[in-house]
Amino acid sequence: MKLHHFDTVFSFGQHEGETIAEAFKKNPTYPEWCYGNIDDFYVTDTVWNAMDVHNNLNDALKGNGVDPNQVKGMIAQNKKFHEEKRAKYKSYKIEQYSKKIEEELLGN
């Protein structure tokens, strides 16, 4: 389980060796795809906000006009997904930290 920042370097895939920021500039859908399809691929709120803005603008501009209700609905759906994934990462990190403290208290 890894938390990705804009300066995190991809260690896999078509953008291997590039930072999240570099990959996002070249191909904004790649970090979005990783986040949505790889279970242990987590991003900071800052990275998520950039992906969310890109997604919502891209979707809104596909049609002939912008439907504010549609954009609001997409934002709410994306935010819920991010909040669930964020909570999962937080729980994992708390569990890992708790185990470390318990081992320390036991003298291991």
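Data table
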read-out: Amide H contacts of Phe41 (H built 1.01 Å from N, under 5 Å, at least 5 apart or other chain); value: none
read-out: Residue with peak Gaussian network fluctuation, the chain [Cα springs, cutoff 10 Å], from Phe12, Phe41, Phe81; value: Phe12
read-out: Net charge over other residues, Cβ less than 12 angstrom from the Cβ of Ala50 (K, R count +1; D, E count -1); value: -2
read-out: Of (i) 8.7; (ii) 6.4; (iii) 8.3, the label for mean projected area of the Cα convex hull in nm² derived from the coordinates; value: (iii)
read-out: Per-residue ³J(HN,Hα) for the range 42-54, Karplus 6.51 cos²θ - 1.76 cosθ + 1.60, θ = phi - 60°, Hz, x for Gly and Pro; value: 10, 10, 5, 4, 5, 5, 4, 4, 5, 5, 5, 4, 4
read-out: Amide H contacts of Glu18 (H built 1.01 Å from N, under 5 Å, at least 5 apart or other chain); value: Phe10
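Throughout, read-outs are computed from the coordinates displayed, never taken from laboratory work. Owing to the predicted nature of the structure, the values given are computational and were not obtained by experimental measurement. Using ideal geometry, Cβ is built from the backbone for each residue, glycine included, and neighbour counts are taken over all protein chains shown.
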